[in-house]
Structures are given as C-alpha cells and as structure tokens.
Amino acid sequence: MFYYRDSAGEVEPGFKPVPGVEIDVDGDLLVDATTGTDGLFVLADQGGSFTVTPLGRFGDSQGEMIGAVTPLDATFVSHHRVGIIELSPNQQIAADVTGNGSISSLDAVYVAKYSIQLINRLPVAEATGSVWLYFRCDSYLGTDDHDCTTPIYEHDPLLAPESDDFYALAYGDVNGNWAPAGRAQSFPDGSAEADAAWADYWGVIALAGPRRPYAPIGSTRSGPAPRTSFGTRDSDWEPVPNGRLRRIVISVQEGQSIEALDLTLRYDPRTVEVRGLEVTDLTRDFALTTHDTGSVFRGSAWTVFPLGESGDVLVLTILERPTATETKPLRLEILADEQAFSLEIRGRAPRAAP
C-alpha cells in the first residue's frame, strides 16, 4: 500500500508506504492482514478463490493529518477552480472534500477549516466514514497516465503467488505531502509556495469582529438561505480615451451563512476588458484568487467564517470599448456555496465616433 502522490518533485504515483491498513480476503469484513511500516501485507496459505480489498486504516484521525492538510491545499483548490493550475485527476479527487463530484471554493473553505481544526471531519469523510480512499492501479505511470479503479483483486482461483498493489489517498491533501505519523513534508520557509500559503492563511484567520459559531456537518446551516438572491448595479463609470470604465457592484440579499463565492464571466475581448475583481468591506476577510484567459474571467473568494449579513460582496471593474452598436449583455455565473445563480450585465458601451 503506497500513497498516491509525493509533493517532493510533484510526482505520481508516490512511494511512501501507508501502514496500518486493514485487509480483508473473504468478504466477511474482518481483518485478515494489516500493512506494516513498509506498506506491505502478506496473506499465506490462501487456496481456492478469494477477493482482496482494503477495509480501512487504523488511526483515522485529524491528528495524523496535521501538517498534511494545510492552507496551501486550500490555495491549490482555489487556483484550480479559476484555472491558474490544473490538478491531476487523483488530486481532483482529494480536492473534492464536499463529495459532490466537482470542485468549487466551498471545497477550499472546508480544507482551510479542517487544517486549522475548526472542524473535526471533512464532509466526504462524514459521508463515507473515513478520510481515506483506496484504489488499485493496473497501470500508474504518471499524473495523467494511469488506469485506476475500485480497490478489489479477484483470484478465481489463485494458482500462483501474486502481488496485489493498492494506493491510498487522504481527502484534503491536494499537494500530496502526507507522511506516516503526521510527519508531513513541508515546503521550506521562504519558498514561493510557502509564501503563497501563509499569505492566504493569514488573510483568512486574521478576522475582524466576533467569531461566528460553526454549525456541525449535517445541521440545517448548510449553504445559502432558500431566499438568497444576487444583483448588480453600477457604482460609477468614467470615460477614458479607449472607452468607458465601469465598476459593477455585486450584492446579495439573504446571504447569511455564505462562505464561498465562485464567479465566471465570459466576454468578447473585442468589446470588453476585465480590469479586476475586488472584495468589499463585507467580504474583506475572504481570500480572493482571480484568473483571466482573455475571454473567460474567473474569481474564487472564500472564508472560514460565513457572511453575517446581506450587502455588497464583490466589485467587478471592466473596460467597455467603443462599438458601432450596443454590446450584448454579459452573463455572470455565480456559485454561492455550490448553489448556482445567473446574472445579466447589460452593455452600456458608447458608440464609436463616425
């Protein structure tokens, strides 16, 4: 049993042994073998037909994840969400800690909360019973070159000695720095990765005002309120030599409890240029990441404590270039704690001079 990834060198598969994993061979859900400190397990005198599969890992606790799940992992999730980096398929599995099959800033929220022990379990671990996921790979040659599937080996019958290799993945550990007994491999102080992680970390935990209590997983405090709605308005605009600058305020009503905002704006670069996205006084404690491809602009904003009131949450600044006709409305897609909203920003570009 080996870990799926090594953060040192950013390689897959990893070669770190995963000890303490319980193995079942006869389908009775009882332990027939346990992986040792070298990650190996041995099943002797197994004749006939049988199935080998992992049951679970002894010591499935938050303590052993200290140093493995950190604010850097939350940063990776946010950067993947907006397209700054591309996580490998198995990293995406580790990043989806809500367990809904997709990655959003809400996953970054839960990773950050778990890393500073605001919560004891990730939602996916609450649902599955473990922070660990196991799989077998008939071929695992790299991050995007593998054939991984359900962790089951069928021997029907076993005619000769066989080696059954499994891999383990800990949800929330996106960069793959987990190590046995919590001895996670950290980035060196002063590195670009460490600086980015701690910048986001302090941006999240240096909060103003009273701390709001966190509702346990499974409670009714999950996601935006049923009547949540978003709207936009122009706070100001000014003429510039090549067009008009617009500051578009995005506000929310009944937005109490929101912790994650994902924004996607698709636009025509011939008529529109995105100049930036900013937080407001209400969202000043949100960590903000943006990425612009030249025709698609994405923003990821999240915090470890939820919004306490309605109001302005983000300010989008765009440049509208002169055109001969009115520009088409812009479509702004928003995810609030993974709940989808769609807004229309009507074009107000000035006509081109004759």
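Rule-based calculations on the coordinates, nothing more; no lab input. From a predicted model like this one, the values you see are computed outputs, not experimental measurements.
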Diffusion coefficient, µm² s⁻¹, Stokes-Einstein with Kirkwood Rh over alpha-carbon pairs of region 263-303 at 25 °C and 0.890 mPa s
222
Across region 158-165, in residue order, what do the Karplus-derived ³J(HN,Hα) couplings come to in whole Hz, using 6.51 cos²θ - 1.76 cosθ + 1.60 with θ = phi - 60° and x for Gly and Pro?
7, 9, 7, x, 10, 10, 9, 9
Whole angstrom only: what separates the Cα centroid of region 74-105 from the Cα centroid of region 156-175?
24
Return the long-range amide H neighbours of Gly243 (sequence gap of 5 or more, or a different chain), with a cut-off of under 5 Å between placed amide H atoms.
none
Can you list the residues, at least 5 places off or on another chain, whose amide H is less than 5 Å from the amide H of Gly276, using H built in the peptide plane?
Thr317
Semi-axes, largest first, in whole Å: what does sqrt of 5 times each Cα gyration tensor eigenvalue give for region 1-54?
27, 10, 9
Past the 16 angstrom mark, what percentage of all C-alpha to C-alpha distances in region 229-345 do you count?
59
